[in-house]
Amino acid sequence: MDGPFELVIFDCDGVLVDSERIAVRIEAEFLAELGWPLTEAEIIERFMGRTTEFMDEAIEAQLGSRLPADWKDQFHRRYREAFVAGLVPVDGIEAVLNELTIPACVASSGTHDKIRFTLGHTGLYGRFEGRIFSGYEVANSKPAPDLFLHAAASMGAEPARCAVVEDSLYGVMAARAAGMRAFGYAGGLTRPERLEGHGTTVFDDMRELPRLLADGSA
């Protein structure tokens, strides 16, 4: 595949692995039990694309001393159990990766442990091993550009020649801030209009991505 890009940067959750639907359901259930009932739409708005640390701080600010001492461990266990039971690759992503001929990497807000687990469970880890970057490696998480700029520098790519594939508002905002071309995947939980904006191509079928990248589609 030829085109205007020298690097494709993939987000992980909701782009490579279909984890967001599972995670948001678990978050809605557990937060309600803890005493902070939020709808799934509110959780998507507040937290999707942000780090776990950002979410943890928000929960602590909201609930404070009402939180049980082991609430983070409980959360982590519920995620793991749900992912083991139902996590699969995003529909069409394996065909996309088979077709790509330009370098690709992962840049996710998740921890390296989480990324390794979800990519490993879905059989995708080997495709990106050694080219995985976590939001915990940089000072500022999405929507700041730090993570994508770090990934590009590590891969030896010019930001302007990078394409970022994201499924969250904060992710596409980070790509724009980094001066990169954003491809907003609307086949998941985020409404297409939330992803639209300058320098962003919105699409809802992952199988279309190679063509869009080749076109450098505006």
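If you run the Gaussian network model on the chain, springs between alpha carbon atoms under 10 Å, then out of ILE115, ILE102, ILE43 the most flexible one is ILE102.
If the chain linking GLU129 and ALA32 were pulled fully straight, counting 0.36 nm for each residue of separation and taking away their Cα-Cα distance, it would gain 31.2 nm. Note on ALA69 and GLU42: the extension gain reaches 7.2 nm, defined as 0.36 nm multiplied by sequence separation minus the Cα-Cα distance. Shape class for segment 56-100, computed from the alpha carbon gyration tensor (a ≥ b ≥ c): prolate, with a/c not under 1.5 and a/b above b/c.
On a per residue basis, segment 103-149 carries 40 Å² of accessible surface, using protein heavy atoms and a 1.4 Å probe.
Along the charge dipole of segment 87-190, pointing to its positive end and built from +1/-1 on Cβ of Lys, Arg, Asp and Glu, which listed residue (GLY171, ASN140, GLY187) has its Cα farthest out? Final value for the positive-end residue is ASN140. Length gained on full extension, ASP113 to GLU193, computed as 0.36 nm times the residue gap minus the Cα-Cα distance: 25.6 nm. Looking at the calculated P(r) for segment 1-61, what percent of the C-alpha pair distances fall above 14 Å? Taking all Cα-Cα pairs of segment 1-61, the fraction more than 14 Å apart is 64 percent. Convex hull volume of the C-alpha atoms in segment 37-130, normalised per residue: 127 Å³. Between ASP91 and ALA177, the modelled label-to-label distance comes to 3.2 nm, taking each label 7 Å out from Cα in the direction of the beta carbon. Taking a ≥ b ≥ c as the square roots of the eigenvalues of the Cα gyration tensor of segment 127-218, is the shape rounded (a/c under 1.5), prolate (a/b larger than b/c) or oblate? In terms of gyration-tensor shape, prolate. Of the peptides 192-201, 148-157, the ranking by mean beta-carbon count within 10 Å, highest at the top, reads 148-157, 192-201. Expressed as a whole percent, the accessible area of segment 151-210 that falls on carbon and sulfur atoms is 46 (1.4 Å probe). Principal axis analysis of the Cα atoms in segment 99-149 yields extents of 30, 25, 16 Å, listed in decreasing size. When the Gaussian network model of the chain links Cα atoms closer than 10 Å, the mean-square fluctuations of THR101, THR190, THR111 top out at THR101. Alpha-carbon geometry of the chain: the Rg and the Dmax are 16.8, 56 Å, given in that order. Centroid-to-centroid, using Cα positions, segment 150-218 and segment 41-120 are 19 Å apart.
The values are calculated or read from the model by the stated rules, or taken from the named source; none is laboratory data. Keep in mind that what you see is a predicted model, and the values were worked out from it rather than measured. All Cβ positions, even for glycine, are placed from backbone atoms using ideal geometry, and neighbour counts span all protein chains on display. Calculation scope for accessible area: heavy atoms of the full protein, side chains included, ligands and nucleic acids excluded. Shrake-Rupley method; radii C 1.70, N 1.55, O 1.52, S 1.80 Å.
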